[in-house]
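All remarks here apply to the structure that follows.
The values are calculated or read from the model by the stated rules, or taken from the named source; none is laboratory data. Values in this document were obtained by computation on a predicted structure and should not be read as measured data. All Cβ positions, glycine included, derive from the backbone under ideal geometry; neighbour counts span all protein chains shown. When the accessible area is computed, the model is the full protein with side chains, heavy atoms only, and any ligands, DNA or RNA have been set aside. Shrake-Rupley method; radii C 1.70, N 1.55, O 1.52, S 1.80 Å.
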Amino acid sequence: MTTLGTASAAPGEIDTGRLAVGETRDGSQFGLPVAVVNGDEDGDTLYVQAVSDGDELNGLGVVQRVLPQLRPEELSGTVLVVGVVNYHAFQVAEHRNPIDDTKMNRAYPGNESGTSSERIAAATFEAATRADLVLDLHQGSTSRMLNEARVRCGPRHRLHGECLELAKVFGCGHVLDQKGPDGQLARAAPDEGIPTIDPELGGCVGWDEESIQYGVEGVFNVLRYYGFLDGDVEIESQTRATGFDRYGAPSGGLVSFQKDLGDRVEPGEVLFEVTDVFGRLKAEVTADKAGIFWRSRRLPQVATGEYVCSVGTDVDEY
Ligand SMILES: [Zn+2]
């Protein structure tokens, strides 16, 4: 019998339930929606979570589409799923947990008796660290971003190679291989010996079907490659960036981009222009380094210094 919260599945069974974390402001208990898929045959455990950031719904779209396709009689091993991690932020469609104004993915490994976000992090980290592989499904928030997978443990970590392999198997096409900030699940779980990636499934408001499809295929690639399911996986080389340059607005106005997501960028090439309300050119911003146009803001209006776009740099194929 494998149990996660109130979900309990014997071999050959699937169950859903709630992982209790505490109480809401009106004193009622709340729990994260969880699923356990327990295969007929023994094997490894895969942990998948979504909506760590409350406005990032593509991962939930992946969970919704993958779970009905999983048959315990075809599965070797176990899949543990937390469908919505950032419970409070999800309710109000915000990025950060409104109870403590914290970003969930800075709170790992969490603290059972800490803040609201730390308690959720602790409860989900306990589940994640029962697994052999971890997928933490994110997206570039509501910005526009290409589909990629992030390896966050850093190149000196003993699990770096295994995390890179997992990212390649997931197979979004692009990988950002750069040590992440403290508190990310994709940093904390490798410290416990568990290969972990943070797939970033595009960026949108609501659901983007193309990015969700990348995620669904990625999960099935992982299930097949690591022996949870029968079948072959075509492993394709990934375009990897190990640097990430952020560009801000030198003046206020309206931004128009000269590059599309995924485009190659050469040093000195124009990334974007800022024009005033009446269409007059105020500024042109060029790339400092070669790379790939990776992410950009969605709304055109910017104030001086405001974030505009990012270029993945130090690019290679692996
Ligand atoms: Zn995120």
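Do you know which of the residues in region 146-176 that are outside any loop (DSSP other than H, G, I, E, B) and open to solvent by 10 Å² or more (accessible area, probe 1.4 Å) is farthest from the ligand (Cβ to nearest atom)? First the steps, then the outcome.
Taking region 146-176 and keeping what is outside any loop (DSSP other than H, G, I, E, B), we get 148-151, 160-170, 174-176.
If we keep only those that are open to solvent by 10 Å² or more (accessible area, probe 1.4 Å) too, we end up with 150, 160-162, 164-165, 168, 174.
On the way: R150: 10, H160: 21, G161: 24, E162: 22, L164: 20, E165: 22, K168: 21, H174: 16 Å.
The extreme case among them is G161.
If you check L60 against the conditions, is it surrounded by fewer than 23 Cβ atoms within 10 Å (Cβ to Cβ), within 16 Å of the ligand (Cβ to nearest atom) and not basic (K, R)?
Details: surrounded by fewer than 23 Cβ atoms within 10 Å (Cβ to Cβ): yes; within 16 Å of the ligand (Cβ to nearest atom): yes; not basic (K, R): yes.
Yes, satisfied.
Output the number of the condition that T124 fails; it satisfies all remaining conditions of (1) more than 13 Å from the ligand (Cβ to nearest atom); (2) at positive phi.
(2)
Which of the following residues is within 27 Å of T142 (Cβ to Cβ), within 16 Å of the ligand (Cβ to nearest atom) and either in the same structural domain as F170 (by TED's automatic domain parsing) or in contact (Cβ under 8 Å) with a residue 60 or more places away in the chain (or both): V66, V21, V84? Show your work before the answer.
Details: V66 fails: within 16 Å of the ligand (Cβ to nearest atom); V21 fails: within 16 Å of the ligand (Cβ to nearest atom).
Among V66, V21, V84, only V84 is within 27 Å of T142 (Cβ to Cβ), within 16 Å of the ligand (Cβ to nearest atom) and either in the same structural domain as F170 (by TED's automatic domain parsing) or in contact (Cβ under 8 Å) with a residue 60 or more places away in the chain (or both).
Hey, among the residues in region 103-119 that are within 16 Å of the ligand (Cβ to nearest atom) and outside any loop (DSSP other than H, G, I, E, B), which one's surrounded by the fewest Cβ atoms within 10 Å (Cβ to Cβ)?
We begin by selecting, within region 103-119, every residue within 16 Å of the ligand (Cβ to nearest atom); these are 103-108, 117.
Cutting the leftovers down to outside any loop (DSSP other than H, G, I, E, B) gives us 104-106, 117.
Working: M104: 30, N105: 25, R106: 14, S117: 28.
For region 103-119, the residue satisfying everything is R106.
Within region 139-166, how many residues turn out to be more than 16 Å from G243 (Cα to Cα) and of a type in the set (K, R)?
2
List every residue pair whose Cβ atoms lie under 6 Å apart, where the two residues are 6 or more positions apart in sequence or sit on different chains, the first residue falls within region 264-281 and is open to solvent by 50 Å² or more (accessible area, probe 1.4 Å), and the second residue, located anywhere, is of a type in the set (A, V, I, L, M).
E266/A290; P267/A287; P267/A290; E269/A287
Taking the residues in region 268-289 that are assigned to a loop (DSSP other than H, G, I, E, B) and under 29 Å from the mean Cα position of the chain (by Cα) as candidates, determine which candidate is nearest to P300 (Cα to Cα). Steps first, answer last, please.
Initial filter on region 268-289 (assigned to a loop (DSSP other than H, G, I, E, B)): 268-269, 276-280, 287-289.
Remaining after also requiring under 29 Å from the mean Cα position of the chain (by Cα): 287-289.
On the way: A287: 19, D288: 22, K289: 24 Å.
Within region 268-289, the match that is nearest to P300 (Cα to Cα) is A287.
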